[in-house]
């Protein structure tokens, strides 16, 4: 199934799931810095060490302001 | 599942310097304690303050508005007004104004909107697309005019203090930018509270998020439903700040604690600079000879830019004369200011 990642202000991406994958791995896969995004799953904020599951839908909120 | 270091519930934030993790509730406590400590340490507010919260409609300023509104329960004599400056950036500001109005309505906070168009005669989009608007980057015009209008509008509303949502990341980015520019007089102004120089028309400015990381304001905004969309200013990527920010974030990723270390460096240098008498720190700020607003020079930066944009029509020799006057004033000569003869009719 993979993981669907919506990056606010950038677009939506699909990435392949690997066993034991964490939020920090999702950031790396997309070439993003964990200092610049906060991951949310089903309305709940996830820290970088949190495990993700196959089929998860994540929303990444930009930390950097748009102005 | 990573657990909260205090109660064992699911964590939403981990401090990379202390290693402590926090759940929703304990993150809010941690965040609140940090901001209240800054407010206390630097005595940012007084019991009878009319606080003007400078709001852009972005997550940081909405988080500040939300936080101060909650805190005002313990300071019943505070009055809070939200103030938004509409620069006139199409496809950006129109969206954030809508969000701003929804949230101030939910929080039951009075608000005011002032616009470049009404106050200056043109929008930022018009400035940057005009013949004379290419001299500086858009962020220069925007920053100068915004600060100018914020102070003017805050005073008009009757505000006693302006609270801005500048966070630790913003502060250290500006610090690095000013080091690059060798602008030590600007670094002096990077304290959590404006000053030390004063002017009767200058409303005190404070930065309650001075010691809060931008990542922390983001988590606060998300868990309080204040972060409802992301719009990027079309001019943002043109600024030096954009590159400095990326560089600092990469550094923080590799060496957690770097940002706090840079803030500590700034606090040390502010302490050293405050003891340097030759920087004239306690002198009164000048008054602009054109508009009467507080200014570091005889002609304020806003009027300087306005003349360059020809909203104040000057004959060809006048710009040269302005530069000469600035030089003379800077060197402490006292001569007559520009008179009407320099205006074109």
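The numbers here are math on the coordinates, done by the rules we state, and not lab data. What you see is a predicted model; the values in this text were computed from it and never measured. Neighbour counts are summed over all protein chains in view; Cβ atoms, including those assigned to glycine, are modelled from backbone coordinates with ideal geometry.
Here is how the numbers come out for the structure above:
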{"item": "Fraction of antiparallel bridges per DSSP, the protein assembly as shown only, in percent to nearest 5", "result": "50"}
{"item": "For B:212, B:6, B:180, order by how many other beta-carbon atoms lie within 10 Å, fewest first", "result": "B:180, B:6, B:212"}
{"item": "Beta bridges by DSSP in the stretch B:42-279, antiparallel share as percent, to the nearest 5", "result": "5"}
{"item": "Alpha carbon centroid spacing (whole Å) that separates the stretch B:26-101 from the stretch B:142-198", "result": "16"}
{"item": "Relative contact order, percent, chain B [alpha-carbon distance under 8 Å, six or more residues apart]", "result": "17"}
{"item": "Cα-Cα P(r), chain A, percent of pairs per 10 Å interval", "result": "22, 62, 14, 1"}
{"item": "Principal-axis tilt of helix B:316-330 within chain B, Cα atoms, nearest 10 degrees", "result": "60"}
{"item": "Mean projected area in nm² (Cα convex hull; one quarter of hull surface) for chain B", "result": "18.9"}
{"item": "Sorted by Cβ density within 10 Å, fewest first, the residues B:183, B:271", "result": "B:271, B:183"}
{"item": "Peptide A:33-45, shielding by other chains (average Cβ, 10 Å cutoff)", "result": "6"}
{"item": "Over the protein assembly as shown, equivalent-ellipsoid semi-axes from the Cα gyration tensor in Å", "result": "40, 24, 21"}
{"item": "Over the stretch B:1-102, relative contact order from alpha-carbon pairs under 8 Å, at least 6 apart, %", "result": "20"}
{"item": "Equivalent ellipsoid semi-axes, the stretch B:33-121, via Cα gyration tensor eigenvalues times 5, rooted, Å", "result": "26, 13, 12"}
{"item": "C-alpha long axis of helix B:93-107 to longest principal axis of chain B, angle in °", "result": "50"}
{"item": "The stretch B:228-271: translational diffusion in µm²/s, Stokes-Einstein, Kirkwood Rh over Cα pairs, 20 °C, 1.002 mPa s", "result": "172"}
{"item": "Estimated [θ] at 222 nm from DSSP helical runs (n ≥ 4, -39500 (n - 2.57)) normalised by residues in chain A, nearest 500", "result": "-3000 deg cm²/dmol"}
{"item": "Inter-site label distance for residue B:225 and residue B:265 at 7 Å from Cα along Cβ, in nm", "result": "4.2"}
{"item": "Order of B:291, B:303 under a 10 Å beta carbon neighbour criterion, fewest first", "result": "B:291, B:303"}
{"item": "On Cα atoms only, tilt of B:59-71 relative to the major axis of chain B in degrees", "result": "70"}
{"item": "Computed P(r) (all Cα pairs; the stretch B:28-78; 5 Å bins; percent)", "result": "4, 18, 27, 30, 17, 3"}
{"item": "Quotient of C-alpha Rg and 2.2 N^0.38 Å, computed over the stretch B:142-255", "result": "1.18"}
